[in-house]
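Below is one structure, written out as structure tokens; comments come after it.
The values are calculated or read from the model by the stated rules, or taken from the named source; none is laboratory data. The shown structure was predicted, so the numbers you read here are calculated from the model rather than taken from an experiment. Counting neighbours? That spans all protein chains shown, and the Cβs are built from the backbone with ideal geometry, glycine included. These accessible areas exclude ligands, DNA and RNA; they are computed on the full protein's heavy atoms, side chains included. Shrake-Rupley method; radii C 1.70, N 1.55, O 1.52, S 1.80 Å.
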Amino acid sequence: KSNIEIVDLDELGKRLQDLETDQLLLVVDSRVWQHYQKALESHQPRNKNIILYKSLEGETTKTIEEYERGLEFFLEKGVHRKSHLLAIGGGATSDFAGFIASTINRGISWSVVPTTLLAMVDAAIGGKTGVNSKHGKNLIGSFHLPENVWINPSFVETLSKEEMDSGKGEIIKYGFLSQEAYDLIEKKAPLKLIIEKCAEIKESIVQRDFQEKGERICLNLGHTFGHALERIYDLPHGVAVFWGMALIFKLSGQDDFLKKLRMLEKGVGADFGQPPWLNKTFPVERIMEFVSKDKKVLTAKKVETVQIEKIGQFKTKVYALDELQKQLESKKEELRGFNF
């Protein structure tokens, strides 16, 4: 049974009213609260004790210190095992709030209302929760599946271009993982349909492989290099994933996929321009520093990457870290000028 539903605010109010709890812990991104306070307050259930915690904006909330602050805030107010937590915000908010839900009183139930495009198609679905370490993203966390993911596509109307681009980069990933998603993007289908399809694809993969023991790893396409590029060039997550896919296709000699990457970029109405490293020094050492600490590292010396065989079909390739570094070093000059 799917736990994802497309709802408007009235329907959301009804769903909250029907939750089997007398206490609702609300974790709302502070910027979302600024935009939507009135609308959210008017749809709050009247039959529950509501405790509101405004989290910091975006990734800034995903620290150990902020996690501790959130935990202690709720514990002081008197949380019980039947309390239900609701996260309202982007992927960072659901990561942070879900981690609180998974650990407070050894775990309480929770739901998500994703408000960014990235969260609607990817980050809020699948039960991965956590915070960042100074050594890398999402290295501290747990798997804790939300009971409900309530998607209201109208939230994208107040997103910045950067946030829309981030979601579009992640949507392009689904174009490579699924022929159905590829066809919708190629046809420039309405965004609502694309959001629904991507959410459905992710949910079905997660249902088959919750703890990423097998198939779920395909969702990391573009992420091995993407996480490094995100940190080095301060890029929105989905945009970094786009360039991470470009690097994987380039290293694998898959020029046809590079063409498809640009076609899908147009299909979602994005324009990511030139690679962030173009005509600068290609930062092999910094990339490898992040890759070696990434959670996709299998051992101290090996990393698993996701590669596409054809649309809708993937394989994984394990690289020894020093072999990957040598390969990047040998192509350093070529990569420095690589555009497509």
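Observations
- Qualifying residue in the range 49-59 (condition: out of contact with any Asp or Glu (no Cβ under 7 Å at 6 or more places or on another chain), under 18 Å from Trp110 (Cβ atoms) and of a type in the set (S, T, N, Q)): no
- Qualifying residues in the range 181-222 (those that are among the basic types (Lys, Arg) and surrounded by 15 or more Cβ atoms within 10 Å (Cβ to Cβ)) - the one nearest to the chain's Cα centre (by Cα): Lys202
- Residue list for the range 272-295, filter: surrounded by fewer than 20 Cβ atoms within 10 Å (Cβ to Cβ), within 27 Å of Lys310 (Cα to Cα) and under 20 Å from the mean Cα position of the chain (by Cα): Lys295
- Conditions (1) in contact (Cβ under 8 Å) with a residue 12 or more places away in the chain; (2) open to solvent by 20 Å² or more (accessible area, probe 1.4 Å); (3) acidic (Asp, Glu); (4) within 22 Å of Thr103 (Cβ to Cβ): number failed by Asp29: (2)
- Among the residues of this structure, Ser154 counts as one that is under 20 Å from Ile194 (Cα atoms), among the polar types (S, T, N, Q) and more than 17 Å from the chain's Cα centre (by Cα).
- Any hit, the range 278-290, residues being in contact with a strand residue (DSSP E or B) (Cβ under 9 Å, 6 or more places away or on another chain) and under 19 Å from Gly169 (Cβ atoms): yes
- Scanning the range 123-152 for residues that are open to solvent by less than 20 Å² (accessible area, probe 1.4 Å) and either closer than 19 Å to Thr63 by Cβ or out of contact with any strand residue (DSSP E or B) (no Cβ under 9 Å at 6 or more places or on another chain) (or both) gives Thr129, Gly130, Val131, Gly136.
- Taking the conditions (1) open to solvent by 30 Å² or more (accessible area, probe 1.4 Å); (2) touching an Asp or Glu at 6+ places or on another chain (Cβ under 8 Å); (3) acidic (Asp, Glu) in turn, Asp234 satisfies each one other than (2).
- Members of the range 165-180 found to be assigned to a helix (DSSP H, G or I), over 17 Å from Asp234 (Cα atoms) and either polar (S, T, N, Q) or modelled with pLDDT under 95 (or both), listed by number: Gln179
- Residue list for the range 96-111, filter: out of contact with any Asp or Glu (no Cβ under 9 Å at 6 or more places or on another chain) and not aromatic (Phe, Trp, Tyr): Ala97, Gly98, Ile100, Ala101, Ser102, Thr103, Ile104, Asn105, Arg106, Gly107, Ile108
- Of all residues in the range 61-100 being under 15 Å from Ser142 (Cα atoms) and of a type in the set (S, T, N, Q), the one that is surrounded by the fewest Cβ atoms within 10 Å (Cβ to Cβ): Thr63
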